[in-house]
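Structure first, commentary second.
Just so it is clear, none of the values below were taken in a lab; they were calculated from the coordinates. All values reported here derive from a predicted model rather than from experimental measurement. For neighbour counting, all protein chains shown are included, and Cβ atoms are generated from backbone atoms with ideal geometry for every residue, glycine included.
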Amino acid sequence: MNKAFKFRLYPNGDQRVLLAKTFGCARFIYNRMLSDKMAYYEETKRYLRTTPARYKQEFPFLKEVDSLALANAQLHLEAAFRNFFGSSGAGFPKFKSRHGGDNSYTTNLVNGNIALSGGYLKLPKLGPVRVKQHRQIPGGHRLKSVTVSKTSSGRYFAALLYEYDVAIQEAPPADVIGLDFSMRELYVDSNGSVPAYPRFYREAQEQLAREQGKMSRRKKGGANYRKQKLKVARLHEHIANQRKDFLHKQSRQIANAYDAVCVEDLNMRGMSQALNFGKSVADNGWGMFTNMLGYKLFEQGKQLVKVGKWFPSSKMCSRCGAVKEELPLSERIFRCECGFVCDRDVNAAINIRDEGLRMLA
């Protein structure tokens, strides 16, 4: 199995310059190879196969950075094309922008070129970089690769990927719970419980709007504009960290308490666009929550069961199985002709649990 450990880096001035160059070269080789592949296909209708080494003579600055960072940029591009041509439904690979998202690159362990020891992380071309190691690496873990990234707030992180051997014993599904997605509470479970979910983005929206307003009044490109932009980025990062912390704790609590968890296989991006719930869906973090839940259950030999998105969990009576033709969102209490009355979301969670049990059988 593989497991990643993420630590914060504190590079010095020279190391920051080299990191910026490595980020730029990895992005450059990705975009250049993508452009050449597109042009070659337009001309020959065939797929171009090339490597970063072929570009080093034309662009000598590529020799100044870690060669494995460039090789991994090529692998990422190849994976993007496989996803596009495969059955995953991914779109055509896009060019990377220096202004969009985080800067990052991946390098691999070869002949001891990477080592974590004594509060420092040794990286190719960079040498020892000071690191905040808040947890120890368990014994028996073998380092495979490191992904170095810089967030929009200017902080540096290293995600160390380790491989380890473990014998996972499958747990029989004795205790099973169903979770129904809820825009406001994150989820409602089949026992009728809801988490006390703090709406982090909504709570910080007023402060965020105030800081963004200050940035809009600064001269774009000026020193004060850059300072205010950094302040806004750090506020966004703080909100994201709060959300991740809550979701990690909630998913760990559920994974430890139950043998199987049943959820709906929802298209969150489609929901945010179709129903105009973009901010609410992003603040909710349901997709991130189910991903966390999935690997935490898997580590313990437990299962995350995904019920089909067309399963009528909300319209079906969990007592008699009758399915209503219509059930408007404004109707929060489920009432069936058989006399069953229940909270709409609790009824849906029970149906999801029962359908998950049927799939497990």
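Only loop residues by DSSP count here, and only those with at most 13 other Cβ atoms within 10 Å; note down the chymotrypsin sites (Phe, Trp or Tyr not before Pro) in region 66-128 that meet that. Hits after loop and neighbour filter: Phe95. Ordering 349-359, 173-183 by mean Cβ neighbour count within 10 Å, with the highest value first, yields 349-359, 173-183. Please give the residues of region 286-325, grouped as numeric ranges, whose backbone N is less than 15 Å from a label point set 7 Å along the Cα-to-Cβ vector of Ile168. Only 291-306 fall inside the zone, counting backbone N under 15 Å. Across region 36-52, the residues whose backbone nitrogen lies under 17 Å from the label position 7 Å along the beta-carbon direction of Phe92 are 36-48.
Counting neighbouring beta carbons within 10 Å and listing from fewest to most, the residues His238, His76, His99 come out as His99, His238, His76. Evaluating 6.51 cos²θ - 1.76 cosθ + 1.60 at θ = phi - 60° for every residue in region 344-350, the Karplus couplings come out as 4, 6, 5, 4, 5, 5, 5 Hz, glycine and proline recorded as x. To the nearest ten degrees, helix 13-44 and the longest principal axis of the Cα atoms of the chain are 80 degrees apart.
Using only Cα atoms, find the angle between the long axis of helix 67-85 and the longest principal axis of the chain, and express it within 0 to 90 degrees, rounded to the nearest 10. Helix 67-85 sits at roughly 40 degrees to that axis. Each Lys or Arg adds one and each Asp or Glu subtracts one; over the other residues with Cβ under 10 Å from the Cβ of Lys302, this totals -3.
The angle separating the long axis of helix 200-216 from the principal Cα axis of greatest extent in the chain is about 40 degrees. Nearest 0.05, what FRET efficiency do Tyr295 and Gln57 give at R0 = 45 Å with Cβ-Cβ as r? Taking R0 as 45 Å, the efficiency between Tyr295 and Gln57 is 0.55. For semi-axes √(5λ) of the Cα gyration tensor in Å, the candidate list reads [x] 42, 25, 23; [y] 41, 28, 17; [z] 50, 23, 17; the entry that matches the value derived from this model is [x].
With contributions of -39500 (n - 2.57) from each DSSP H run of at least four residues, the per-residue ellipticity at 222 nm computed over the chain stands at -14000 deg cm²/dmol.
Which length gain, in nm to one decimal place, applies between Arg335 and Phe311 when the Cα-Cα distance is subtracted from 0.36 nm times their residue separation? Once the chain is fully extended between Arg335 and Phe311, it gains 6.8 nm. Beta bridges per DSSP, both residues in region 176-309: antiparallel share near 35 percent.
With a cut-off of 14 Å between beta carbons, the residues surrounding Lys37 carry a summed charge of +3, where Lys and Arg count +1 and Asp and Glu -1.
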